[in-house]
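Quick notes on the structure that follows.
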Amino acid sequence: MNANPILLQKKYTRVIACFANKVDISLDDALDFFYRSEVYCLMHDGVSDMHCMSDEYLADELAAEYGTK
C-alpha cells in the first residue's frame, strides 16, 4: 500500500523530530541517519504498512537501529 506522498513527508518530519529527542542528537544528524536507515526504506516502499505505525513506534525502531550502528 502506498501512502500519499505529502502525508508521508509530514510523517517523516514527525518521526525524525521524535527520534532526535529520544537519542539526544541534532535534527540534522537525525535527518541524515533517517534517510540512510532501514526504517526509511521500509516506510518508503510501503513494506508491512510501516508508514501506518505510530510516530513513537517508528522513532523507537530508529533508536534501536541507531544503537546497533
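The values are calculated or read from the model by the stated rules, or taken from the named source; none is laboratory data. No experiment lies behind these values; they were computed from the predicted model shown. We place every Cβ from the backbone using ideal geometry, glycine too, and count neighbours over all the protein chains shown.
Could you count how many residues in the stretch 41-62 are surrounded by 18 or more Cβ atoms within 10 Å (Cβ to Cβ) and either at pLDDT 95 or above or touching a Cys at 6+ places or on another chain (Cβ under 8 Å) (or both)?
Count: 4.
Of everything in the stretch 5-52 that's assigned to a helix (DSSP H, G or I) and β-branched (Val, Ile, Thr), which residue is farthest from Thr68 (Cα to Cα)?
Looking only at the stretch 5-52, we keep the residues that are assigned to a helix (DSSP H, G or I), and these are 5-23, 27-35, 38-45, 47-52.
Now restrict to residues that are β-branched (Val, Ile, Thr): 6, 13, 15-16, 23, 39, 47.
Details: Ile6: 30, Thr13: 23, Val15: 19, Ile16: 18, Val23: 13, Val39: 13, Val47: 22 Å.
The qualifying residue farthest from Thr68 (Cα to Cα) is Ile6.
Any idea which of (1) out of contact with any helix residue (DSSP H, G or I) (no Cβ under 8 Å at 6 or more places or on another chain); (2) on the phi > 0 side of the Ramachandran plot is the one Ala64 doesn't satisfy?
(2)
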